[in-house]
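Accompanying notes for the structure given below.
The values are calculated or read from the model by the stated rules, or taken from the named source; none is laboratory data. Predicted model only: the values in this text are computed from it and were never measured. Backbone-built Cβ (ideal geometry, glycine too); neighbour counts: all protein chains shown. Areas reflect the complete protein model, heavy atoms only, side chains present, ligands, DNA and RNA absent. Shrake-Rupley method; radii C 1.70, N 1.55, O 1.52, S 1.80 Å.
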Amino acid sequence: MSTAAAAPVGAKTPLTQLPAWKALQAHYRQIEPRHLRELFAEQPGRGTELAASFEDFYLDYSKHRITGETLDLLLELAEQSGLTEHRDAMFAGERINTTEGRAVLHVALRAPREQVIEVDGKNVVPEVHEVLDRMAEFANRVRSGAWKGHTGKRIKTVINVGIGGSDLGPVMAYEALRFYSQREMEFKFVSNVDGTDFAEATYGLSADETLFIISSKTFTTLETMTNAHTARDWALQQLGDEKAIAKHFVAVSTNAGEVAKFGIDTANMFGFWDWVGGRYSMDSAIGLSTMLAIGPEQFGEMLAGFHAMDEHFRTAPLGQNLPVIMGLLGVWYNNFFGAQTVGIFPYDQYLKRFPAYLQQLTMESNGKHVTLSGDTVNYQTGQIFWGEPGTNGQHSFYQLIHQGTKLIPSDLIGFVETLNPLGKHHEYLMANVFAQGEALAFGKTAEQVEAEGTKPEIVPHRVFEGNRPTSTLLIQKLTPRSLGKLVALYEHSVFTQGVVWQIDSFDQWGVELGKKLAVDIIGDLDGSKHNQHDSSTAALIANYRGRE
Ligand code: F6P
């Protein structure tokens, strides 16, 4: 166990100097002109040969513009980048988040009780379970009605107040697992500093049946603290007694001092640790709203799913390792094909917030322009993630993916069993998953269009070039366990890419400047300060103030 704050693995050869990188550049020139139609024709077993599975997860990556050689070279790149050493360093609690001097141990949040994971020589797993046990006790009391509000009524509405990692994980998980939730209770999420978010979430609610969870790792975030104070005022206005706060507010944070200052009894605080990054925190006490919704047992199932994928990532050979394969395919398109974005299309309405969740996970993690040693990169790093559930997206932006000029490698995520069997809905849904992958890969040639009797001048408009890559991830059923596996799959895929790109995937300095400037500008807006600004910003502030 290392306690050193230095980079876990020795000095690195620059990425573009690695032999595998150079080999991939040459290989790309051979692969780029090739069409998936040819690749499939040449390799009759391709559909099952380029596939990998783990438990009920089946990943078909055959519709990618790769050959077996591409994958071998990408795996060599991972090895030459020290992926296994970096992975082991993360699991061993080393301070791999070097710019913040922190360990990165979200994997400890889902470790079974008996596992030992040390940070600075201290096993952190017992503390994790101590908090989980407290959360479970609290969740059971609220869910059963044993926990009473100030006027003796049971809690009907839970409002999580938080932003970024203190919001996106909870809201995504709540939406994803709504089927398993306690339906008599209602769950809401307030994140935006725009007062509309708070006003609409609390519209018509009674404070005596409402519980606020103030979720903030730092307990200093402007948006969350503003919403928390507004919530406090709102509750006090209805309940008229400071003592009510203890029954209607709990906090989730690493900062006990600030929690106490805010007026929440630290007995009603659920803690976590600096080795949990915000965007990796949904398994920590930040998941309290999830546990309240689905109950401690199902929450435990979700953690077990995360842990199962952690173990797969930690132990499976790289060539059969789902997160590694997915991460490396991202590198292939990002760095060789120059693809800027990745489409995330879950064919499940319950996963409607999954793309937004992944945006923070992927883009806050890998949107970096310098390497761990501070050198400016001379290659592309994090891709832009975006998406919507299918089939809705098909009727809006898929046009551009099929016939536009941009290459958008996409992930299609489908479930074999639906949670809501209604007539033929599920078959239609899944038929669309398979149809989209097929259409994107193989397209439709001019000859095929002509053979349908299309007028010659219309033929070019109806041609689909194809050769648009997709991964299809087929999962048995959306359950707490499979959601855990799905999120961990992307977490480790992000990790894999960060290692290849030689960046710190666990800091987020890029959010600081805007936050600081906003604080300065608040003074300009209320007239208490007259800061110097560029002529554009100064004119905008003057225009705004002039119209108030
Ligand atoms: O936007 C930056 C960020 O620090 C995220 O990384 C984090 O998830 C979010 O703000 C919220 O921070 P906190 O939980 O400390 O309020």
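Data overview
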{"quantity": "Residue that is among the hydroxyl-bearing types (Ser, Thr, Tyr) and under 19 Å from the mean Cα position of the chain (by Cα), where the choices are Ser528, Ser482", "calculated": "Ser482"}
{"quantity": "Count of residues meeting criterion [open to solvent by less than 30 Å² (accessible area, probe 1.4 Å) and more than 15 Å from the ligand (Cβ to nearest atom)] in region 227-238", "calculated": "1"}
{"quantity": "Qualifying helices (runs of 4 or more DSSP H) (wholly inside region 257-369; at least 2 residues being more than 14 Å from the chain's Cα centre (by Cα), of a type in the set (A, V, I, L, M) and surrounded by fewer than 22 Cβ atoms within 10 Å (Cβ to Cβ))", "calculated": "288-315"}
{"quantity": "From Phe198, Phe219, residue being at positive phi, of a type in the set (Phe, Trp, Tyr), more than 20 Å from the chain's Cα centre (by Cα) and surrounded by 14 or more Cβ atoms within 10 Å (Cβ to Cβ)", "calculated": "Phe219"}
{"quantity": "Hits in region 448-476 - residues which are among the charged types (D, E, K, R) and farther than 23 Å from Val324 by Cα", "calculated": "Glu450, Glu452, Lys455, Glu457, Arg462, Glu465"}
{"quantity": "One residue from Ile245, Ile264, Ile213 being more than 11 Å from the ligand (Cβ to nearest atom), within 22 Å of Val142 (Cα to Cα) and in contact with a Leu (Cβ under 6 Å, 6 or more places away or on another chain)", "calculated": "Ile213"}
{"quantity": "Residues of region 525-537 classified as closer than 16 Å to Leu222 by Cβ and open to solvent by less than 80 Å² (accessible area, probe 1.4 Å), total", "calculated": "1"}
{"quantity": "Filter result for the condition that a residue is within 16 Å of the ligand (Cβ to nearest atom), basic (Lys, Arg) and touching a residue at least 40 places away in the same chain (Cβ under 8 Å), over Lys406, Lys368, Lys352", "calculated": "Lys368"}
{"quantity": "Checking Pro126 against (1) modelled with pLDDT of 95 or more; (2) more than 27 Å from the chain's Cα centre (by Cα); (3) not small (Gly, Ala, Ser), the condition it does not meet", "calculated": "(2)"}
{"quantity": "Checklist (1) open to solvent by less than 10 Å² (accessible area, probe 1.4 Å); (2) free of Cβ contacts under 8 Å to residues at least 12 places away in the same chain applied to His461, failing item", "calculated": "(1)"}
{"quantity": "Given (1) in contact with a helix residue (DSSP H, G or I) (Cβ under 8 Å, 6 or more places away or on another chain); (2) free of Cβ contacts under 8 Å to residues at least 60 places away in the same chain, number of the condition Gly240 does not satisfy", "calculated": "(1)"}
{"quantity": "Matching option when the condition is open to solvent by less than 50 Å² (accessible area, probe 1.4 Å) and without any contact (Cβ under 8 Å) to a residue 24 or more places away in the chain, among Leu50, Leu73, Leu39", "calculated": "Leu50"}
{"quantity": "Filter result (outside any loop (DSSP other than H, G, I, E, B), surrounded by fewer than 22 Cβ atoms within 10 Å (Cβ to Cβ) and in contact with a helix residue (DSSP H, G or I) (Cβ under 9 Å, 6 or more places away or on another chain)) within region 87-105", "calculated": "Asp88, Phe91"}
{"quantity": "Residue match in region 332-347 (condition: more than 23 Å from Leu400 (Cβ to Cβ) and of a type outside the set (Val, Ile, Thr))", "calculated": "no"}
{"quantity": "Thr224 being within 11 Å of the ligand (Cβ to nearest atom), out of contact with any Pro (no Cβ under 9 Å at 6 or more places or on another chain) and not basic (Lys, Arg)", "calculated": "yes"}
{"quantity": "Cross-chain or 6+ apart pairs with Cβ under 9 Å, region 273-284 first and within 11 Å of the ligand (Cβ to nearest atom) and among the hydrophobic types (A, V, I, L, M, F, W, C), then open to solvent by 20 Å² or more (accessible area, probe 1.4 Å) and not in a helix (DSSP H, G or I)", "calculated": "Val276/Lys217; Val276/Thr254"}
{"quantity": "Arg134 assigned to a helix (DSSP H, G or I), over 18 Å from Gly278 (Cβ atoms) and free of Cβ contacts under 8 Å to residues at least 12 places away in the same chain", "calculated": "no"}
{"quantity": "Any hit, region 143-157, residues being of a type outside the set (Lys, Arg), crowded, with 22+ Cβ neighbours inside 10 Å and touching a residue at least 40 places away in the same chain (Cβ under 8 Å)", "calculated": "no"}
{"quantity": "Residue in region 494-512 that is free of Cβ contacts under 8 Å to residues at least 24 places away in the same chain and open to solvent by 10 Å² or more (accessible area, probe 1.4 Å) present", "calculated": "yes"}
{"quantity": "Region 149-171, residues that are within 13 Å of the ligand (Cβ to nearest atom) and not small (Gly, Ala, Ser)", "calculated": "Asn160, Val161, Ile163, Asp167, Leu168, Pro170, Val171"}
{"quantity": "Candidates Thr405, Thr479, Thr391, Thr454, filtered to the one that is touching a Lys or Arg at 6+ places or on another chain (Cβ under 6 Å), of a type outside the set (D, E, K, R) and either surrounded by 16 or more Cβ atoms within 10 Å (Cβ to Cβ) or farther than 11 Å from Tyr347 by Cα (or both)", "calculated": "Thr454"}
{"quantity": "Helices (runs of 4 or more DSSP H) within region 395-481 that include 1 or more residues touching a strand residue (DSSP E or B) at 6+ places or on another chain (Cβ under 8 Å) and modelled with pLDDT under 95", "calculated": "none"}
{"quantity": "So Tyr333, is it under 15 Å from Asp411 (Cβ atoms) and in contact with a Gly (Cβ under 8 Å, 6 or more places away or on another chain)", "calculated": "no"}
